[in-house]
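These notes concern the structure reproduced below.
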């Protein structure tokens, strides 16, 4: 055959309903093994994942209308998935030339096969990083050196992640959060910034500090308590000057905006 179609691959986006996908590149009739099909999950566009996709299980190839050939999937390709169809001609020489009349058809098919493989190699080279013609020569030692640097960088990144986690822990330790246990009945407690107050008895009054910007106080009921109130004259998030905790194991987190207290 003669052909001028340079295409060797195509991509279809799944829409949840289509299950038939046309092949728009030239290939040798009957050689369906040269048509490769892959299914990829692009739910996370930055980290696509290849899915299992098996001929005559997940899809078939219909060349009944050759050269108008179709890939038919068992199920429609879902949204956020892509189907890749490309030609991957077997690197073999099946033509058998014997003495006698000129086997024009066999010769042409062999030439077609060579041209197909050349197109496919060109498509693969388009996906690789090529050293420019005037660039440095990369010998095995240089490549191994680059791989070593990559490995070291990965180690350094992991160490940095550990250091960041440790820094976060150190900052939390320095932040001044203090756990206060209230277990006397009755009592009044003057809360301070950063306190985590665990209430173990009923009839306890907690007076909040001045609502300076960013000041925080947290209160937690340890079981079924009653008569536990949190007070401040500046107001507590629409509840007036007093908020009463009444539910079993109830918790209350408060933050000040410089004027009053808010529940968050």
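Values in this text are rule-based calculations from the coordinates and carry no lab data. Keep in mind that what you see is a predicted model, and the values were worked out from it rather than measured. Glycine also receives a Cβ, built like all others from the backbone with ideal geometry; neighbour counts cover every protein chain displayed.
Helix 140-174 and the longest principal axis of the C-alpha atoms of the chain enclose an angle of approximately 20°. Per residue, the convex hull around the alpha carbon atoms of the range 178-263 comes to 71 Å³. A crude spin-label estimate for the pair residue 151 and residue 196, with each label 7 Å from Cα along the Cβ direction, gives 4.2 nm. Based on C-alpha pairs under 8 angstrom that are at least 6 apart in sequence, the range 184-230 has a relative contact order of 44 percent.
Against the main long axis of the alpha-carbon atoms of the chain, helix 104-125 sits at an angle near 30°. Among 37, 180, sorting on how many other beta-carbon atoms sit within 10 Å of each Cβ, with the fewest leading, yields 180, 37.
The modelled label-to-label distance between residue 115 and residue 181, using points 7 Å beyond Cα along the C-beta direction, is 8.7 nm. Only helices enter this figure: runs of n ≥ 4 DSSP H residues, each worth -39500 (n - 2.57), summed and divided by the residues of the chain, yield -8000 deg cm²/dmol at 222 nm to the nearest 500.
Note on the range 9-125: Cα Rg divided by 2.2 N^0.38 Å, N the number of residues, gives 1.25. Of the beta bridges in the chain, as assigned by DSSP with both residues counted there, near 65 percent are antiparallel. Across the alpha-carbon set of the chain, the Rg to Rh ratio works out to 1.35, Rh being the Kirkwood radius. Contact order, relative form, for the range 178-263: 27 percent (alpha carbon pairs under 8 Å, 6 or more residues apart, mean separation divided by residue count). Remark: relative contact order (the chain) = 12 percent; criterion is Cα-Cα distance under 8 angstrom and separation of 6 or more residues. Most simply put, the range 178-263 has about 40% antiparallel DSSP beta bridges, counting only bridges with both residues inside it. Measuring between their Cα centroids, the range 59-74 and the range 215-264 lie 69 Å from each other.
Among 112, 224, 62, the order by Cβ neighbours within 10 angstrom, fewest to most, reads 224, 62, 112.
Annotation: the residues 107, 23, 54, 128, sorted from fewest to most other C-beta atoms within 10 Å of their own C-beta, follow the order 128, 54, 107, 23.
On the beta carbon distance between residue 212 and residue 51, with R0 = 41 Å, the FRET formula returns roughly 0.15. Treating r as the C-beta distance of residue 20 and residue 44 and R0 as 30 Å, the FRET efficiency rounds to 0.65. With the simple spin-label model, which puts each label point 7 Å out from Cα in the Cβ direction, the residue 237 to residue 95 separation comes to 8.1 nm.
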